[in-house]
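One structure below.
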Amino acid sequence: MPESNRDRSLWRIVWAYATAYWHWPVLLVMGVYVYQQYMPSIDLAEEGRPAPSVEAEALAGDRFRLADHRGEVVVVNVWATWCPPCRVEMPGFVDLQREFADDGVQFVGIAVDRDGADAVRPFVEKQGVNFPQIANPAVAARHFPGEAVPRTYLIDKRGRIRYEHSGIILKWALDDALERLVDEPAPERGKT
């Protein structure tokens, strides 16, 4: 086969491959973009502002008091059952609560559904959510104001908000930040 025919055959093969598999590089670029959007790098603030003193009735009927969790790391998630990103991130929060429970991490959800417990309870039961849920939009508006859901707040052992994020945040993004907060020393008794 003459050299020019061989070159043309090679070009045909390359062109056929490129037209058949053009989407892979596009998908790779899109994947990197999505990863950066949904897996934000969590930079914990050195000094955070004091967390509000939340006290509200949880779905289980008991009172949830944020102050009772001083000395623990608390993750507050403001969410809604009608919010697709909230539904996506919830299983990861359930996993993290299970994984970090013995390390002094407590998740709490504050649902902003207008129908309150009637809307939230079936979702929580079906999904096996293993941490307290407050189904009261007024609690979110008063203590963690904002329009976007989901919103997630990381509160350190001293009761300071060290990180807040509006939008979906997945398990893997929180994992390292929780480990860092767990490794920080607890405040001395009576001090914050």
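The values are calculated or read from the model by the stated rules, or taken from the named source; none is laboratory data. For clarity, every value in this text was computed on a predicted model and none was experimentally measured. FYI the Cβ positions are ideal-geometry reconstructions off the backbone, even for glycines, and counts take in every protein chain you see.
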Legend entry - One residue from Leu181, Leu170, Leu96 being within 20 Å of Ala45 (Cα to Cα) and touching a strand residue (DSSP E or B) at 6+ places or on another chain (Cβ under 9 Å): Leu181
Legend entry - Tabulated pairs, region 108-119, first in the same structural domain as His143 (by TED's automatic domain parsing), second acidic (Asp, Glu) and in a loop (DSSP other than H, G, I, E, B), C-beta under 8 angstrom, 6+ apart or interchain: Ala119/Asp113
Legend entry - Flag if Gly48 is out of contact with any strand residue (DSSP E or B) (no Cβ under 8 Å at 6 or more places or on another chain), of a type outside the set (Ser, Thr, Tyr) and touching a residue at least 40 places away in the same chain (Cβ under 8 Å): no
Legend entry - Selection count where residues are of a type in the set (A, V, I, L, M), over 16 Å from Arg160 (Cα atoms) and modelled with pLDDT under 95, scope region 30-59: 4
Legend entry - Within region 73-106, considering residues that are surrounded by 18 or more Cβ atoms within 10 Å (Cβ to Cβ) and farther than 22 Å from Asn136 by Cβ, the one nearest to the chain's Cα centre (by Cα): Leu96
